[in-house]
1. Hey, does segment B:70-89 have a residue that's more than 14 Å from DNA strand C (Cβ to nearest atom), free of Cβ contacts under 8 Å to residues at least 12 places away in the same chain and on the phi < 0 side of the Ramachandran plot?
2. Among (1) under 20 Å from the mean Cα position of the chain (by Cα); (2) within 13 Å of DNA strand D (Cβ to nearest atom); (3) more than 19 Å from residue A:31 (Cβ to Cβ), there is one condition residue B:100 misses while meeting the rest; what is its number?
3. How many of the residues in segment B:35-67 are in contact (Cβ under 8 Å) with a residue 12 or more places away in the chain, exposed (fewer than 15 other Cβ atoms within 10 Å of the Cβ) and facing chain A (nearest Cβ under 7 Å)?
4. Every residue in segment A:68-83 that is within 13 Å of chain B (Cβ to nearest Cβ) and within 8 Å of DNA strand D (Cβ to nearest atom), please.
5. Only residues that are under 13 Å from residue B:99 (Cβ atoms) and in a loop (DSSP other than H, G, I, E, B): list them for segment B:67-82, please.
6. Among the residues of segment A:103-125, which ones are away from DNA strand D (no atom under 12 Å from the Cβ) and more than 16 Å from residue A:53 (Cβ to Cβ)?
7. When you check residue B:27 against the structure, is it closer than 19 Å to residue A:133 by Cα and either more than 7 Å from every other protein chain (Cβ to nearest Cβ) or at pLDDT 90 or above (or both), yes or no?
8. Which of the residues belonging to segment B:96-111 are buried (at least 19 other Cβ atoms within 10 Å of the Cβ) and in contact with a helix residue (DSSP H, G or I) (Cβ under 6 Å, 6 or more places away or on another chain)?
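The values are calculated or read from the model by the stated rules, or taken from the named source; none is laboratory data. For clarity, every value in this text was computed on a predicted model and none was experimentally measured. Here Cβ is always computed from backbone atoms with ideal geometry, including for glycine, and neighbour counts include all displayed protein chains.
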DNA sequence: CGCGAAAACTTAACATGTTAATCATCCGCC
DNA sequence: GGCGGATGATTAACATGTTAAGTTTTCGCG
């Protein structure tokens with residue numbers, strides 16, 4: 001069996017593994033990724049049915065909650081990096097869902113606001129979205145869900161100080 | 001002030017919002033995303049220093065834990081979609097970090113295994129990765145971290161049944 | 001004033017996520 | 001033994017993540 005030989009060669013390389021590594025299933029990033037994907041799988045069809053991606057929806061929601069907002073501040077609130085935001089804003093503006101002006105006092109700053117058309121779209125999407133959220137809370141347990149959110153926020157908080165090497169000396 | 005007019009127009013559109021929407025900060029997908037990003041921000045520099053992306057690292061780790069594995073099974077274990085995996089495998093193979101054969105009994109199936117070079121790379125990256133993980137556990141609390149992982153797994157489990165419309169009739 | 005550094009975006013370039021379409025192979029079945 | 005559906009994997013096309021570089025405008029300051 002030529003196949004047994006190949007297997008032997010592979011195993012030889014594998015036997016050099018003296019590096020202990022946690023099992024994959026215990027990886028925290030993996031657990032967070034899987035949980036988030038399980039949640040998003042519930043929401044995506046509804047968004048998609050209205051021609052929206054998850055990120056576009058985040059932006060519209062953020063804009064709907066304020067009168068107007070600057071690009072950088074929106075990036076912070078919607079948790080998007082500048083380049084992604086720039087592209088998405090270009091598209092949303094072309095679709096007439098948002099409007100943009102230039103700050104008269106500082107022409108570097110762009111000021112964004114949602115349009116009436118954008119508000120109308122939100123009104124169409126929100127009910128389904130709320131229903132899905134209620135369903136998740138119901139299946140998982142509202143109390144438990146609140147506890148989970150609290151723990152997630154604490155995790156984020158406990159890691160916030162350490163900017164991972166580069167800005168380690170910010171404090 | 002012509003600006004006051006624009007503001008008035010924006011507010012008019014906003015006043016049509018009879019759609020109650022949870023505040024952004026209470027969004028579960030957002031909380032998961034933020035937590036995951038906070039965690040990954042710790043790991044990314046170390047991976048990047050060795051020329052690896054997060055996904056490439058997931059693949060190498062998964063391959064290191066087995067003798068060999070098929071592409072579809074690897075996608076499931078590393079939690080990657082087929083197309084992403086295909087591209088990454090092409091690159092990893094070109095870099096000599098993995099090897100691929102074709103299943104003799106079913107020529108549709110590709111069989112993957114890590115190379116000696118790949119194992120060596122893992123040995124270089126793993127210590128730093130483990131140290132970072134220990135640091136996170138230390139700052140957040142090992143007990144709490146375990147509890148969080150359990151809750152995440154339960155969330156995933158409680159949403160697993162509902163395949164979001166399409167495959168709702170699988171059971 | 002005017003020069004240089006910093007700030008706010010934007011563009012560029014490459015990697016991945018996501019869905020649909022395509023390709024090759026296998027398998028059941030007539 | 002060959003046709004048709006199912007399966008494994010890749011490719012295509014578009015959107016976003018991620019880092020670096022470029023552009024425009026401000027601002028400090030001599």
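1. Yes, because at least one residue in segment B:70-89 is more than 14 Å from DNA strand C (Cβ to nearest atom), free of Cβ contacts under 8 Å to residues at least 12 places away in the same chain and on the phi < 0 side of the Ramachandran plot.
2. (1)
3. 1
4. A:79, A:80, A:81
5. B:67, B:68
6. Matches in segment A:103-125: A:111, A:112, A:113, A:114, A:115, A:116, A:117, A:119, A:120, A:123.
7. Numbers: closer than 19 Å to residue A:133 by Cα: yes; either more than 7 Å from every other protein chain (Cβ to nearest Cβ) or at pLDDT 90 or above (or both): yes.
Answer is yes for this residue.
8. Correct list: B:97, B:98.
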